[in-house]
């Protein structure tokens, strides 16, 4: 591009020297591109890392925690969320989320990716190609839908999950993402969510809780052995999620810059602190630290730091991880049994509670210097820097997201239930979803 413009300028100078008017050429010269190669390279890598979080990361993480007869069915849900949401996002999801300036929903300007060219950029990410921004955001939509399935593992009919994914993407994920990230009313109010505490974790966690209640408990819950089939798969999945989260949070800086690095450091430390805290609490209360507890604590730390990762300093990330490990441990043990809901893989206890806590902490610990920019010279400051309004904005965002996600998820499940049965038959659940839903089984 630079060489071409240099040649054009040289030609215009030569033409001017022999008396030819070059004003018309000047008017039609292409503007300089704002696309940065380094930022683009990093965001390509970050996109791959986030996609890896769903396949194979989440697929392995979830599959390792269900019984052997449901391993393939659980993996199939992650695979289905990947290919189904990807297509729907390209068709209309991206456009409705990230185009226009509507308070509640975007426009159809980019439906079927219309208008996206080699040189086009989004107003929300001017330093990378718009096609890459679209793809990066697609991976967030994919994993959010896939997360919800963990709450109803072992009993949700596969066809019901497909229908649910379609409706939930457009009626829950897309609106919430637009409200916060796409120029909607929550972002305009001042709500901040660096990488998805509200859009991804609280959204999916609340939806998972509602789904678990509507679909009902697993057969034998509380009376039969429902222990994980192979925790080694879950450990591998956790490792892939942990590494992938570098792209999830670091990539949300939308460039290869210092803020991305600080977000990655805070993310890693929060995950480490979450794993340590959960392990310590289990050791103290049960006498032994379980592998399931260690990996649950790590994911709790990762989910909780997500909304705050680009706004807080690394050692604040450690504190957030400690709180995440403790509160999510409480939610997955005492709270879950007190309220008697069967959230199979603790989506609400880990992601819902974690997303809520992290969103609040963003309003408390936000350091203005980390988010300072020409548009926001002083950056976004939290309560500790003398800005209590930010904490109030975060509470408002939590309330809106919680109510919308819970209400719409309930409606969607009821509508899908009129189309196809939500739950597999009693005998199919006993047989296992691998055979009953897919005609396959592990040997």
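The values are calculated or read from the model by the stated rules, or taken from the named source; none is laboratory data. Please read all numbers here as calculations on a predicted model, not as lab measurements. FYI the Cβ positions are ideal-geometry reconstructions off the backbone, even for glycines, and counts take in every protein chain you see.
Hey, among 234, 273, 298, which residue is farther than 22 Å from residue 75 by Cβ and in the same structural domain as residue 63 (by TED's automatic domain parsing)?
Of the residues listed, the single one that is farther than 22 Å from residue 75 by Cβ and in the same structural domain as residue 63 (by TED's automatic domain parsing) is 273.
Let me confirm something: among 121, 192, 166, 111, which residue is buried (at least 23 other Cβ atoms within 10 Å of the Cβ), touching a helix residue (DSSP H, G or I) at 6+ places or on another chain (Cβ under 8 Å) and assigned by TED's automatic domain parsing to the domain that holds residue 406?
On inspection, the qualifying residue turns out to be 192.
Quick check on this structure: which one of 210, 261, 243 is in the same structural domain as residue 307 (by TED's automatic domain parsing) and closer than 21 Å to residue 152 by Cβ?
Exactly one of 210, 261, 243 is in the same structural domain as residue 307 (by TED's automatic domain parsing) and closer than 21 Å to residue 152 by Cβ, namely 210.
Matching residues to (1) closer than 18 Å to residue 48 by Cα; (2) under 20 Å from the mean Cα position of the chain (by Cα); (3) assigned to a helix (DSSP H, G or I):
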{"residue": "75", "(1), (2), (3)": "no, yes, yes"}
{"residue": "81", "(1), (2), (3)": "yes, yes, yes"}
{"residue": "85", "(1), (2), (3)": "yes, yes, yes"}
{"residue": "95", "(1), (2), (3)": "no, yes, yes"}
{"residue": "103", "(1), (2), (3)": "no, no, no"}
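Quickly run through the stretch 428-443 and pick out the residues that are surrounded by 15 or more Cβ atoms within 10 Å (Cβ to Cβ) and assigned to a helix (DSSP H, G or I).
Listed by number, the residues that qualify are 428, 429, 431, 433, 434, 435, 436, 437.
Pick from 257, 203, 249: which is surrounded by fewer than 17 Cβ atoms within 10 Å (Cβ to Cβ) and either over 22 Å from residue 149 (Cβ atoms) or in contact with a helix residue (DSSP H, G or I) (Cβ under 6 Å, 6 or more places away or on another chain) (or both)?
257
How many residues are without any contact (Cβ under 8 Å) to a residue 24 or more places away in the chain, over 30 Å from residue 307 (Cβ atoms) and in contact with a helix residue (DSSP H, G or I) (Cβ under 9 Å, 6 or more places away or on another chain) if we restrict to the stretch 387-420?
Total satisfying the criteria: 0.
Which one of the conditions (1) touching a residue at least 60 places away in the same chain (Cβ under 8 Å); (2) surrounded by fewer than 17 Cβ atoms within 10 Å (Cβ to Cβ); (3) out of contact with any helix residue (DSSP H, G or I) (no Cβ under 7 Å at 6 or more places or on another chain) does residue 37 fail to meet, given that it meets all the rest?
Evaluating residue 37 over (1) touching a residue at least 60 places away in the same chain (Cβ under 8 Å); (2) surrounded by fewer than 17 Cβ atoms within 10 Å (Cβ to Cβ); (3) out of contact with any helix residue (DSSP H, G or I) (no Cβ under 7 Å at 6 or more places or on another chain) leaves (1) as the failure.
If you go through the stretch 421-436 one residue at a time, do you hit one that is in contact (Cβ under 8 Å) with a residue 24 or more places away in the chain, within 30 Å of residue 305 (Cα to Cα) and under 26 Å from the mean Cα position of the chain (by Cα)?
Within the stretch 421-436, not a single residue is in contact (Cβ under 8 Å) with a residue 24 or more places away in the chain, within 30 Å of residue 305 (Cα to Cα) and under 26 Å from the mean Cα position of the chain (by Cα).
Being crowded, with 24+ Cβ neighbours inside 10 Å and more than 19 Å from the chain's Cα centre (by Cα) is the filter; apply it to the stretch 260-277 and report the residue that is nearest to residue 293 (Cα to Cα).
Residue satisfying both the conditions and the ranking: 275.
Across the stretch 411-424, what is the total count of residues that are part of a loop (DSSP other than H, G, I, E, B) and surrounded by fewer than 21 Cβ atoms within 10 Å (Cβ to Cβ)?
Count: 2.
Does residue 40 satisfy being closer than 20 Å to residue 117 by Cα and either modelled with pLDDT of 95 or more or under 21 Å from the mean Cα position of the chain (by Cα) (or both)?
yes
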